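Input: one structure, supplied below.
The values are calculated or read from the model by the stated rules, or taken from the named source; none is laboratory data. The shown structure was predicted, so the numbers you read here are calculated from the model rather than taken from an experiment. Cβ coordinates were reconstructed from backbone atoms using ideal geometry, including for glycine residues, and neighbour counts include every protein chain displayed.
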Amino acid sequence: MWVAYDHTLNAASRNMRRFIITEISMAPDLTPGDRIMARRLRRPRRGLVVFFEHPQRPAFWLVKRLIGLPGETVTIEQGAVAVDGTGLAEPWATGPTSPPGSWQIPGGHMFVLSDAREATLADSRTLGSVAIEGAFRTSFRYRRARM
């Protein structure tokens, strides 16, 4: 999911950023038009919604769910996600997860997935693990999109 990054915050506040959701890959939790205040990701935890720059497209921001932490192995088999061999309960995910595979997460990186798995593969399934440094986490939604 691509998100619009709002550059209007003071340059001194590098720890906070505003984002506007523009696509549906995180639905139903986040929908187009939602406005999110995010803060720098300091302590990654599974289940957080995170924002990060696309690894191959600078200034192109994505928003995803943090699934795997440094040193873990994420496996997708028969539509289900497992971390280090233990099935992951994902109340946020819609539909089965594909394609099958296994990913070892190096130090300083995280494994992220879209909530609406059928909507996009633009996550760690195709990008690989992404750097924690420079990432942000949702702090709060300050305007919900009108449906």
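Regarding residue 141, is this residue in contact with a Gly (Cβ under 6 Å, 6 or more places away or on another chain), among the basic types (Lys, Arg) and at pLDDT below 95?
Considered against the rule, which asks whether it is in contact with a Gly (Cβ under 6 Å, 6 or more places away or on another chain), among the basic types (Lys, Arg) and at pLDDT below 95, residue 141 comes out as no.
Oh, and also: Those residues that are surrounded by fewer than 14 Cβ atoms within 10 Å (Cβ to Cβ), assigned to a loop (DSSP other than H, G, I, E, B) and at negative phi, I need them from the stretch 56-80; list them, please.
Result: 56, single match.
Restricting to the stretch 53-85, name every residue that is among the charged types (D, E, K, R) and out of contact with any strand residue (DSSP E or B) (no Cβ under 8 Å at 6 or more places or on another chain).
Scanning the stretch 53-85 gives 57, 77.
Just to be sure I understand, how many residues within the stretch 24-39 are touching a Leu at 6+ places or on another chain (Cβ under 9 Å) and surrounded by fewer than 20 Cβ atoms within 10 Å (Cβ to Cβ)?
Adding up the residues that qualify gives 1.
Here is a follow-up. Can you say whether residue 50 is touching a Phe, Trp or Tyr at 6+ places or on another chain (Cβ under 8 Å), part of a strand (DSSP E or B), of a type in the set (Val, Ile, Thr) and surrounded by 17 or more Cβ atoms within 10 Å (Cβ to Cβ), as far as the supplied structure shows?
Yes; evaluated as a whole, the condition is true for this residue.
Right, another one. Residue pairs, Cβ under 6 Å, 6 or more apart or interchain, first in the stretch 103-117 and more than 15 Å from residue 137 (Cα to Cα), second in a strand (DSSP E or B) and among the hydroxyl-bearing types (Ser, Thr, Tyr). List them.
So the pair list comes out as 104/73; 116/94.
Quick one: how many residues across the stretch 116-138 are charged (D, E, K, R) and either assigned to a loop (DSSP other than H, G, I, E, B) or at pLDDT below 90 (or both)?
Residues flagged as charged (D, E, K, R) and either assigned to a loop (DSSP other than H, G, I, E, B) or at pLDDT below 90 (or both) within the stretch 116-138 amount to 4.
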